[in-house]
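For reference, the structure is listed below as structure tokens.
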Amino acid sequence: MITPLDLTDRALAERLLTIQHAAYAVEAELIGFDGIPPLEEDLDGLMSSTELWLGRYDGTHLVGAVAYELPDDRTVEISRLIVDPAHARRGHGRALLDHLDRIEPRPVSLVSTGSANLPAVNLYKSRGYAPAGEVEVAPGIYITQFRRGS
């Protein structure tokens, strides 16, 4: 089940933060860089997020989420895609992205990930995203920006 998340619910936000920290710890290991901002975010920061959130549940247990923004009427910008590592590689991330495409069909979709995070890179490429640029965020650490649509 996928549903919008209300981050004013403290217990839900705590669970989401646990997933976020675990998911970004995996990415940090993959890309060799632990300075990823969501790794350092605290509960208050997460609860004050202005992003829109969708959560994926396995029964009643939150296992993943996608955060996104709608900067204009043509674009959806995915800012975070997180899956609890204990539930990874089971299609939860793809299901969240598919659901987002259905509820926010926009001509342009943007996302970025660590260039060395091959599972995420491959997921985005398999969904029609193409590399649109690369940014060095620390010495030798690159983020690839992806774009789908025109």
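Numbers below:
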{"item": "Rg to Rh quotient for the chain, alpha carbon positions, Kirkwood Rh", "result": "0.94"}
{"item": "Mean accessible surface per residue for the range 1-127, computed with a 1.4 Å probe while every protein chain stays in place, in Å²", "result": "50"}
{"item": "Of Gly59, Leu97, Ala23, farthest towards positive along the dipole that unit charges on Lys, Arg, Asp, Glu beta carbons give the range 23-99", "result": "Gly59"}
{"item": "CD proxy at 222 nm, helix term only [per DSSP H run n ≥ 4: -39500 (n - 2.57); per residue of the chain; nearest 500]", "result": "-10500 deg cm²/dmol"}
{"item": "Probe 1.4 Å, all protein chains present, accessible-area order of Ser48, Ser79, largest first", "result": "Ser48, Ser79"}
{"item": "Other-chain or far-sequence residues with amide H under 5 Å of Phe33's (modelled H)", "result": "none"}
{"item": "Phi-based couplings in Hz for the range 140-150 (Karplus 6.51, -1.76, 1.60; Gly and Pro marked x)", "result": "x, 10, 10, 10, 9, 9, 10, 9, 10, x, 9"}
{"item": "Amide H contacts of Ser115 (H built 1.01 Å from N, under 5 Å, at least 5 apart or other chain)", "result": "Tyr142, Ile143, Thr144"}
{"item": "Net charge dipole size for the chain [Lys, Arg +1 and Asp, Glu -1 on Cβ; Debye, nearest 20]", "result": "780"}
{"item": "Accessible surface of the range 1-94 [probe 1.4 Å, protein heavy atoms]: carbon and sulfur percent", "result": "50"}
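The values are calculated or read from the model by the stated rules, or taken from the named source; none is laboratory data. For clarity, every value in this text was computed on a predicted model and none was experimentally measured. FYI the Cβ positions are ideal-geometry reconstructions off the backbone, even for glycines, and counts take in every protein chain you see. Side chains are part of the model used for accessible areas, which takes the heavy atoms of the whole protein and leaves out ligands, DNA and RNA. Shrake-Rupley method; radii C 1.70, N 1.55, O 1.52, S 1.80 Å.
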